[in-house]
Amino acid sequence: MARNQLGVLDALDVAKTQWYHFTAIVIAGMGFFTDAYDLFSISLVTKLLGRIYYFNPNSSKPGTLPPSIAAAVNGVALCGTLAGQLFFGWLGDKLGRKRVYGVTLVLMVVCSLASGLSFGNQPKGVIATLCFFRFWLGFGIGGDYPLSATIMSEYANKKTRGAFIAAVFAMQGFGILVGGIVALIVSSAFDHADKAPPYSVDKAGSTVPEADYVWRIILMFGAIPAAMTYYWRMKMPETARYTALVAKNAKQAANDMSKVLNVDLEAEEDKVERIAQERSNNFGLFSREFAHRHGLHLVGTTTTWFLLDIAYYSSNLFQKDIYSKVGWLPAAESMNAIHEVFRIAKAQTLIALCGTVPGYWFTVAFIDHIGRFAIQLMGFFFMTVFMFALAIPYHHWTEKPNHIGFVVMYSFTFFFANFGPNATTFVVPAEIFPARLRSTCHGISAACGKAGAIVGAFGFLYAAQGKALADRDAGYPPGIGMKNSLIMLGVINFFGMLFTLLVPESKGKSLEELTGENEDEPGQSQQPQEVSAARTVPE
């Protein structure tokens, strides 16, 4: 127990679910809506970019992005996200969560709009500016991870904290879904307005000039929901845990939370000063004390997020390639450019609707009942099972009568990713580290996840290529094939299950109990942490 708990923090821990909780979920969640929309909408338009800017009149197949260009377009936002997670995670602990929260949103809005306004009409100019703005878009998105998670964690009560943080993250599902819906509407409207023949009938005529507007509109739409929440983001007060435990301003913390909770709270300045002097509240990130208390926890949160994102982003960013390989999407040459966007968006929207979105909200419903550890372990287990079930009889799924079965199985991998480690790897780092290091440690964990996403984005693109020339996209060297790539993802999920054993259960405890902060007796300062470190399974 955190025996020396401040009254203002105790009031937050035991507060009933109120309107401000839902307001915080929406304000923080709209950032994640935009994050997911922007990160995953690129997969809807990469084939269109290839047709427009890399058209070869002598080829029997439509133009595709060269390997290095495809890797850059898919991966550059992830590189920016990794950098943003580290930078804004650190800044959130140094300057406060609120002070840098608006900066990330402005970056997302500006760069999302700029992505669709890429300069020129030549391939080099368009791709270079697109990659430039998507890097900085990713940088802003990266900052939203540690800040949104930390803010929601520090605002929530201990009984439903997991559900509230997971609900913020679950807005990703709606972002992916809306991305698909926007692409469906835009591509359908342009396809009906400009009737173009398939590539096999008229190579040049299959890509009408108006197709250049399609990808730009889809990418730019992501700015709208983020811009709508800027005002409310700026009106949110700083979290009481940062104000009291890091900034050491008891009066301001009590004043802010009195307004939020509609109760009178006492400013415990003497207690804040006493807490600030305790050894358990003064060690740094690179200290021996941190390594003793939280070292294994940080290893657990970083490795599980890294392994998860290799599998998750490989599957998500390259859904279109997987669908084409199993024959669920028609051959590219049998469609015009805009209709191909429509078919890809239709497939991804169906997967999001059936697997991705329900998985997130199952986590919200059950995380405070069965715990983070159980959900993460279960998720990795079933992701492993379904990935092997797709990979081992891979030839069976490529036959036309079995395409529906493939889509159902593939949906289950997304369902258990989101009712599993994709949500819990986001939740846990926001709970188990001290307030003065919480945003930094969440940023480090998330950055390791994005390193995994980069491995997935760059590696899967090459690995999934077949050995035969007919089974490879133009310009790619031979890979290990789709079947072996899926087997490899299954093995990665299995290792994720093993590293989950390093992650502690945080269900039903206050943040100060989990981190060992605010204890009366220095001699007892490590007791709660030893209990927490030793127990990684639910009670």
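The values are calculated or read from the model by the stated rules, or taken from the named source; none is laboratory data. Worth saying up front: this structure is predicted, and the values here are computed from it rather than measured. In this analysis, Cβ positions are derived from the backbone assuming ideal geometry, glycine residues included, and neighbour counts consider all displayed protein chains. Just so you know, the surface numbers come from the protein's heavy atoms only, side chains and all, with ligands and any DNA or RNA stripped out. Shrake-Rupley method; radii C 1.70, N 1.55, O 1.52, S 1.80 Å.
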Does residue 169 count as surrounded by fewer than 24 Cβ atoms within 10 Å (Cβ to Cβ) and in a helix (DSSP H, G or I)?
no
I want to confirm something. Restricting to segment 210-248 and keeping residues that are free of Cβ contacts under 8 Å to residues at least 12 places away in the same chain and either in contact with a helix residue (DSSP H, G or I) (Cβ under 9 Å, 6 or more places away or on another chain) or over 30 Å from residue 183 (Cβ atoms) (or both), which single residue is surrounded by the fewest Cβ atoms within 10 Å (Cβ to Cβ)?
235
How many residues, within segment 357-402, are hydroxyl-bearing (Ser, Thr, Tyr), under 22 Å from residue 491 (Cα atoms) and open to solvent by less than 30 Å² (accessible area, probe 1.4 Å)?
1
Selection status of residue 331, without any contact (Cβ under 8 Å) to a residue 24 or more places away in the chain, among the hydrophobic types (A, V, I, L, M, F, W, C) and open to solvent by 30 Å² or more (accessible area, probe 1.4 Å)
yes
Given the criteria out of contact with any His (no Cβ under 7 Å at 6 or more places or on another chain) and either basic (Lys, Arg) or closer than 24 Å to residue 231 by Cα (or both), does residue 102 qualify?
yes
If the requirement is being more than 22 Å from the chain's Cα centre (by Cα) and open to solvent by less than 30 Å² (accessible area, probe 1.4 Å), which of these qualifies: 24, 11, 70?
11
Taking segment 439-451, which residues are under 17 Å from residue 169 (Cα atoms) and more than 14 Å from the chain's Cα centre (by Cα)?
439
Any idea which of 271, 259, 251 is of a type in the set (D, E, K, R), crowded, with 17+ Cβ neighbours inside 10 Å and more than 23 Å from residue 446 (Cβ to Cβ)?
271
Give me the pairs: first residue in segment 146-160 and in a loop (DSSP other than H, G, I, E, B), second residue of a type in the set (D, E, K, R), beta-carbon distance under 8 Å, and six or more apart or on different chains, which are they?
157/13; 157/16; 158/13; 158/509; 159/368; 160/368
Output for segment 50-75, where each listed residue is over 14 Å from residue 340 (Cβ atoms), assigned to a helix (DSSP H, G or I) and not β-branched (Val, Ile, Thr):
53, 67, 68, 70, 71, 72, 74, 75
Test each condition in (1) assigned to a helix (DSSP H, G or I); (2) open to solvent by 40 Å² or more (accessible area, probe 1.4 Å); (3) under 27 Å from residue 514 (Cα atoms) for residue 163 and report the one that comes out false.
(2)
Number of positions in segment 103-127 that are over 19 Å from the mean Cα position of the chain (by Cα), open to solvent by less than 10 Å² (accessible area, probe 1.4 Å) and within 14 Å of residue 140 (Cα to Cα)
1
Checking 174, 88 in turn, the sole residue that is buried (at least 20 other Cβ atoms within 10 Å of the Cβ) and over 19 Å from residue 220 (Cα atoms) turns out to be 88
Counting only residues that are touching a helix residue (DSSP H, G or I) at 6+ places or on another chain (Cβ under 8 Å) and open to solvent by 30 Å² or more (accessible area, probe 1.4 Å), which one in segment 199-209 is nearest to residue 23 (Cα to Cα)?
207
Would you check which residues across segment 403-431 are among the β-branched types (Val, Ile, Thr) and either surrounded by fewer than 24 Cβ atoms within 10 Å (Cβ to Cβ) or modelled with pLDDT of 95 or more (or both) and list them?
404, 407, 408, 424, 425, 427, 428
